[in-house]
Amino acid sequence: HNSIEVDGFTLSYGYKDEKILLERFNHVVQAYKSLKPAYQATIKDITRRMAEGMELFTSKQVRSAADYDLYCHYVAGLVGIGLSKLFSDSGLESADIAESEELANHMGLFLQKTNIIRDFLEDHEDVNEQTGDRRVFWPVEIWGKHTTSLADFTFGKNPDRAVACLNEMVTDALQHAPFCVEYLSAIRSEENFRFCAIPQVMAVHTLAMCYNNPKIFQGKIRKDLGECRNIEPVKLRKGHSARLMLETSDMKAVLSIFEDAMDKMQDKIPDQDPSSSATDAAIQHVRDVIHRGRRAVSPTGKEEVGASSKALSALGSMADWLLIPLILWLIGSTLAIDVPLLLGVEQWPLSSVETAGPLHGVMTVWSLLLYGLASLLLSAGRGHSLYMPLAAAHGVVSVLHCVVLLSASVSLRAVFFETTPKLTVAGCLAAIACRNSMPLLTPSHVHTASRRINAMG
């Protein structure tokens, strides 16, 4: 992480792709230095924390479930946290994304645990030639219930106990899936959404394929130039992978894909499996989150269906197109008409304003502050959580203004032209705030999230 700032830095180490990358690392340095300072700071901080964590686990074994989570945090959870910060700093996502470190950590843990489960045989057979140690990431707390040595499970040995251990590992990974759904529901940029969602849908279907599958412990190992590979792994077929990538277009599709994976896993739960009840409960939790997610994006509170989904999306898109021009027009008209009237510089033939009395000054100041703040937030892509409170406040103030004007015997036509643009701004802000937004679907950890992540490092 320090060498990334050293011009021309390279290193000769490792094998194959890793060796090529290090020998050409000067290109990485150039790319890094071309980034904005905020991006550089995030990358350097995350790589430092990852390096410190990985160094820790060169001597520390994965014994407990907490060790397992900590290891996955260092190698994958921090990646999710760093990406969230980059998303937010880019302006494509709100600051809330960067602040949701616990959700981002769950995203990384879900992906990493799926890979660790799938790659069991490959990792176990990768032996350090100097120390004789094996790459073992399954926690003793789980596999110790089923055997005294993981070697008892390799190449088809003791299949019943091996599969029972596997199913408990899959159940442990499932605890992260609801948080992944929640994180994805908060992403607004289509590019960012697909970038995050495609690995998650691939992972959940890979996990469903791994569950209760003795082939995880079988395969054919090939070792070449320091690389250990299972050339007959359990993995999704290319056609299945392509279909998942094409179907991952929006949150509705992701919920359906996750539900399909849960259906496949549910159908495979063996009655005699020691962790069957826990697996069933974990799957049900994911299903509950899926159903709440569908209701959350439906105006009627029912599960989202075609017409209402399209209408809600169209409303948000229309608000995006209309809001900035409308705000700029209102700022211009306020500066050209209302401010001179307020200062007594010039009189315009607008009886609605003249009759409003002191409220005219209040509305002028409020409008300029709100329109200025809203335009800054929208152009920067930040403060998404403020849109709804601003919309509500502006709606209330505009309605009060309308009432005062009517009580002052201002004509309905004048009131209409005075307040309709303001109420339209409030409605557009509310529409953008609601689009693609979902309430917390999983138990809230607002008070503990920062403490947990900081404790992890």
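Across the range 89-141 the C-alpha pair distances fall into 10 Å bins from zero in the proportions 20, 31, 23, 17, 8 percent.
Taking only the C-alpha atoms of the range 1-103, Rg followed by Dmax gives 15.6, 42 Å. Taking the Cα atoms only, what angle lies between the long axis of helix 306-333 and the longest principal axis of the chain, rounded to 10 degrees? With both axes taken from Cα atoms, the answer is about 50 degrees.
Pairs Lys145/Lys223; Lys44/Lys238; Lys33/Lys113; Lys157/Lys238; Lys113/Lys220: which exceed 26 Å Cα-Cα? Correct reply: Lys145/Lys223; Lys44/Lys238; Lys33/Lys113; Lys157/Lys238. Carbon and sulfur: what percent of the chain's accessible surface (1.4 Å probe)? So the carbon and sulfur contribution to the accessible surface is 59 percent. Computed from backbone phi with θ = phi - 60° and the Karplus coefficients 6.51, -1.76 and 1.60, the 3J(HN,Hα) list for the range 230-247 is 8, 7, 10, x, 7, 7, 5, 5, 4, x, 5, 4, 5, 5, 4, 5, 5, 7 Hz; x is used for glycine and proline.
Summed over qualifying helices (DSSP H, 4 residues or more, each -39500 (n - 2.57)) and divided by its residue number, the chain shows a 222 nm mean residue ellipticity of -20500 deg cm²/dmol.
Taking every protein chain into account, the accessible area of the chain amounts to 51 square angstrom per residue (probe 1.4 Å). Considering the values [x] 90, 58, 40; [y] 87, 58, 52; [z] 92, 49, 42, which represents Cα extents along the principal axes in Å as calculated for the structure under consideration? Checking each listed value against the structure points to [x].
The angle between the Cα long axis of helix 276-296 and the longest principal axis of the Cα atoms of the chain comes to about 20 degrees, rounded to the nearest 10. Considering all different alpha carbon pairs of the range 45-130, the Kirkwood hydrodynamic radius works out to 14.0 Å.
In summary, the convex hull built on the alpha carbon positions of the range 189-296 has an orientation-averaged projected area of 9.1 nm². Ordered from longest to shortest, the equivalent ellipsoid semi-axes for the range 154-217 are 31, 12, 6 Å, each the square root of 5 times a Cα gyration tensor eigenvalue. Taken over the range 19-64, the alpha-carbon convex hull comes to 89 cubic angstrom per residue. Put simply, the range 49-192 fits an ellipsoid with semi-axes of 32, 17, 11 Å; these come from the alpha carbon gyration tensor as the roots of five times its eigenvalues, largest first. Computed on the chain, with alpha-carbon pairs under 8 angstrom and 6+ residues apart, the relative contact order is 15 percent. If R0 is 22 Å, the Cβ-Cβ spacing of Tyr39 and Asn2 corresponds to a FRET efficiency of close to 0.80. Using only Cα atoms and rounding to the nearest 10 degrees, what angle (0 to 90) does helix 359-380 make with the longest principal axis of the chain? That works out to roughly 30 degrees.
Averaged over residues, the count of other Cβ atoms within 10 Å places the peptides 250-260, 229-239 in the sequence 250-260, 229-239, highest first.
The values are calculated or read from the model by the stated rules, or taken from the named source; none is laboratory data. These figures come from a predicted structure and were not determined experimentally. Cβ: placed from backbone, ideal geometry, glycine included. Neighbour counts: every protein chain shown. SASA here: full protein model, heavy atoms, side chains in, ligands and nucleic acids out. Shrake-Rupley method; radii C 1.70, N 1.55, O 1.52, S 1.80 Å.
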